[in-house]
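All remarks here apply to the structure that follows.
The values are calculated or read from the model by the stated rules, or taken from the named source; none is laboratory data. Since the model is a prediction, treat every value here as computed from it, not as a measurement. To get the accessible areas, we keep the full protein, side chains included, count just its heavy atoms, and leave off ligands, DNA and RNA. Shrake-Rupley method; radii C 1.70, N 1.55, O 1.52, S 1.80 Å.
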Amino acid sequence: MTDAVTSRFPIVGIGASAGGLAALEGFLHATSEPTAAAYVIVTHLSPDQHSLLPDLLGRVTSLPVAEIVDGLALQAGHIYVAPPAVYVSITE
């Protein structure tokens, strides 16, 4: 059984405009070491286009990068990217 207090970890929210790829890559390149936090990235993207952001960001970090899907359980040491035209809510 997991202790609820010790299984909690920081969740870092990062927002960027559509032109923020270079800044996101720079940040993630600097945070490629194992970390006790989960990173959630939300960008301004066209709702009509599929996002390549998880693949692009995965090239500059050793941390796992995934697109957020409904019901996903966040894990420390992972990067999560919000898909276009989706409202993201994180609940316990």
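Of note:
- Calculated [θ] (222 nm, deg cm²/dmol) that DSSP helices of n ≥ 4 give over the chain, each run adding -39,500 (n - 2.57): -4500 deg cm²/dmol
- Between helix 21-30 and the chain: long-axis angle, C-alpha atoms, 0 to 90°, nearest 10: 30 degrees
- Ligands, DNA and RNA left out, the accessible area of the chain computed with a 1.4 Å probe is 57% carbon and sulfur.
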